[in-house]
Each structure stands twice: as structure tokens, then as C-alpha cells.
Amino acid sequence: MRSKGVTLSMIQARFPGRERSIARAFGENRSFRDLCDDYRKCDSAVDRWQRTKGKGAVSRRQEYEELLEELHFEIRAWLDAMESVSAHKKDREH
């Protein structure tokens, strides 16, 4: 699916230096893919509301910006946890 590739590329661009971890989590875990897809959709909504004129557009954009920030932190926490487990596993192997 094209949207999966777009989503993966977008998330990798937003979290530089973590491309391999993102690709691995994206490939292995549906919940992580869903989280990334939510992030992409929310980012699109922010963009759409920025271009929208009229009553309520500013508040709607702000709501989506807040949600986008929450999703950003959630993805970062997921990656931190995954990388921590990987590092711990490597330490135990040596």
C-alpha cells in the first residue's frame, strides 16, 4: 500500500537518527503502525485547518496541533522503550 510507505517515510523524517528502529517497529507491530498512521492523519488535519478560513478554524487547528504533539511524544516513548529493550538484550548477550 502506498499510504504505508508515505507514513513510514514521514515518521522517519520526523525522528532523524532512528530510521532503523522505526522501520523495524513499523514492520513488526501493528499497534505502532496504527500510531504512525494516526500521526500522519493528524498532521494532514493540521495542514488542512491552517489553510481553512472561517470561524472555528484556528481552534480546530490548535486542537489537532495538541494531538499531534501527544502522538509525537507517544511515538518517541515507544521508540525509547524498544531501543532500551534492544540495548538491554545486547548487554545480556555479552
*Ser84 to Ser31: FRET efficiency via 1/(1 + (r/R0)^6), r the Cβ-Cβ distance, R0 25 Å, to the nearest 0.05?*
0.90
*Measuring from label point to label point, each 7 Å out along Cα→Cβ, what is the Ser44 to Glu65 span in nm?*
2.2 nm
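Restricting to Cα pairs below 8 Å that are 6+ residues apart, what does the relative contact order work out to for region 27-85? Please round to a whole percent.
After rounding, I find 38 percent.
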*Which percent of the accessible heavy-atom area of the chain goes to carbon and sulfur, probe 1.4 angstrom?*
48 percent
*asked:* Which three numbers, in whole Å and largest first, are the semi-axes of the equivalent ellipsoid of region 2-56 derived from its Cα gyration tensor as √(5λ)?
replied: 26, 11, 8
*How big is D, in µm² s⁻¹, for the chain by Stokes-Einstein at 25 °C and 0.890 mPa s if Rh is the Kirkwood radius over C-alpha pairs?*
169 µm²/s
*Using label points projected 7 Å from each Cα along Cα→Cβ, tell me how many nm separate Ala77 and Thr52, to one decimal.*
2.8 nm
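Could you give the longest part of the chain that holds none of the trypsin sites (Lys or Arg not before Pro) found in DSSP loops with at most 10 neighbouring Cβ atoms within 10 Å?
Longest stretch, sites excluded: 1-52.
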*Can you work out the accessible area per residue across the chain, with the rest of the protein chains kept in place, probe 1.4 Å, in square angstrom?*
72 Å²
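The values are calculated or read from the model by the stated rules, or taken from the named source; none is laboratory data. No experiment lies behind these values; they were computed from the predicted model shown. A quick note on method: Cβ atoms are made from the backbone with ideal geometry, for glycine too, and the neighbour counts reach across all protein chains shown. Surface areas here come from the heavy atoms of the whole protein model, side chains and all, with no ligands, DNA or RNA. Shrake-Rupley method; radii C 1.70, N 1.55, O 1.52, S 1.80 Å.
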